[in-house]
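Engineer: Here it is: the structure, laid out below.
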């Protein structure tokens, strides 16, 4: 009993004087926890912390919150607010530590907003941590998802997909028409070409939209629609895979270079790369292509509209590239976009402030000690990127959009991890930067920003937007924010 008392579940203050009802509620909650198996896990973890109290490593400070739900409701409430990092910041100030314990999504969890601890977790392999996500997400991703598999299979899939995104074939698909053409249409064609390097066909795009729509329906407990949409997507992709395998068996494409990620995985030369595994991972590639990158583009435009100097320098840099390529009669290539240093600084700063991915979760498969903190076996670790990226001890004025800060700052440090790290570093990070670079290039070289006081954009409080007028003053592009 002393072990349980060491890390107590907090009771509401309003019930402190009602002894008998409190005992009944506590007994009922304990019985439920015991039946679910979570109380036993908590007891064992606390016993380990007591036994190891003489050692340097200790369980991080914190609280498990309410029985069963823990602190999940508070976390979700903050996630939907204007400052999602408030959940972590409040506890960091309360406990005086950037690493604290909590209870999230039904699991005992160590939350870290410490850059060094975060880097340690990201760089660790499957001998220390394995991926962990709530059940609703694992059902969506599938058991063969690259986000869930471990060991040599994960390294093989990650290596094949990552190498293809950096290959000559993928870079060749990203060339765009002559910059002298209508850039709004050119940008659309180039964006489609980049996306096709990962996803084969418009039908998969439509299927991914249906899954995203079904995802939002789960808020109303219509869970079966989500699973049905996932099955429809899997069947669609598996038909594409089977058709590609049939062509290979017929000898029609034995020596052709891979044209998309499915071709790469089919030719991976391993019986482990089954149709189910390939289809699961194609779905995983669709989510960032249809959701994460568009959100990143939207945030970049929002931040640029609030920083005229950055928008001006971005336009000047891209106009210089456009004039140079036009004079030479050449098309824009992957390397041209990635050579735009200030454009890349804008994207980097947007990643830091926008935090498209707020964090990742891992599960400890053995007792882990890091910076004096004990992470017990079976506990989850929530690496919260957002708090690290907005830490005023790491970044001056962290809530101010300042692309110039990256001029002399290294993006490979532990304080900047928008794409994760270690063996699970996002294989499409260069492709994501490319898509944003293409969009921004055609936007600023073909359109000019319209001030918010312009008559055409007044009285739009219900649907605030940013408008860019074409260089010939004939058309405009409106972006809702």
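Engineer: So which residues in region 385-428 are under 17 Å from the mean Cα position of the chain (by Cα), surrounded by fewer than 17 Cβ atoms within 10 Å (Cβ to Cβ) and part of a helix (DSSP H, G or I)?
Structural biologist: 422, 423, listed by residue number.
Engineer: Can you tell me how many residues within region 395-420 are on the phi < 0 side of the Ramachandran plot and touching a strand residue (DSSP E or B) at 6+ places or on another chain (Cβ under 9 Å)?
Structural biologist: First pass over region 395-420, keeping only residues on the phi < 0 side of the Ramachandran plot: 395-396, 398-419.
Imposing the further condition that a residue be touching a strand residue (DSSP E or B) at 6+ places or on another chain (Cβ under 9 Å) reduces the set to 417.
Going through region 395-420 one residue at a time, the tally reaches 1.
Engineer: Given the criterion modelled with pLDDT of 90 or more, under 30 Å from residue 151 (Cβ atoms) and in a helix (DSSP H, G or I), identify the matching residue among 296, 285, 351.
Structural biologist: On the way: 296 fails: under 30 Å from residue 151 (Cβ atoms); 285 fails: modelled with pLDDT of 90 or more.
351 is the lone residue from the list that is modelled with pLDDT of 90 or more, under 30 Å from residue 151 (Cβ atoms) and in a helix (DSSP H, G or I).
Engineer: Here's another thing I want to ask about it. Determine, yes or no, whether residue 336 is over 18 Å from the mean Cα position of the chain (by Cα), assigned to a helix (DSSP H, G or I) and free of Cβ contacts under 8 Å to residues at least 60 places away in the same chain.
Structural biologist: Considered against the rule, which asks whether it is over 18 Å from the mean Cα position of the chain (by Cα), assigned to a helix (DSSP H, G or I) and free of Cβ contacts under 8 Å to residues at least 60 places away in the same chain, residue 336 comes out as yes.
Engineer: Considering each of 136, 108 in turn, give the residue that is closer than 21 Å to residue 369 by Cβ, in contact (Cβ under 8 Å) with a residue 60 or more places away in the chain and not in a loop (DSSP other than H, G, I, E, B). Please lay out each step first, then the result.
Structural biologist: Numbers: 136 fails: closer than 21 Å to residue 369 by Cβ.
After applying the criteria, what remains is 108.
Engineer: Restricting to region 125-136, name every residue that is over 22 Å from residue 355 (Cβ atoms) and either modelled with pLDDT of 95 or more or within 19 Å of the chain's Cα centre (by Cα) (or both).
Structural biologist: Listed by number, the residues that qualify are 130, 135.
The values are calculated or read from the model by the stated rules, or taken from the named source; none is laboratory data. Note that the structure is predicted; figures quoted are calculated from it, not measured. Don't worry about glycine lacking a Cβ; one is built from the backbone with ideal geometry, like all the others, and counts go over all protein chains shown.
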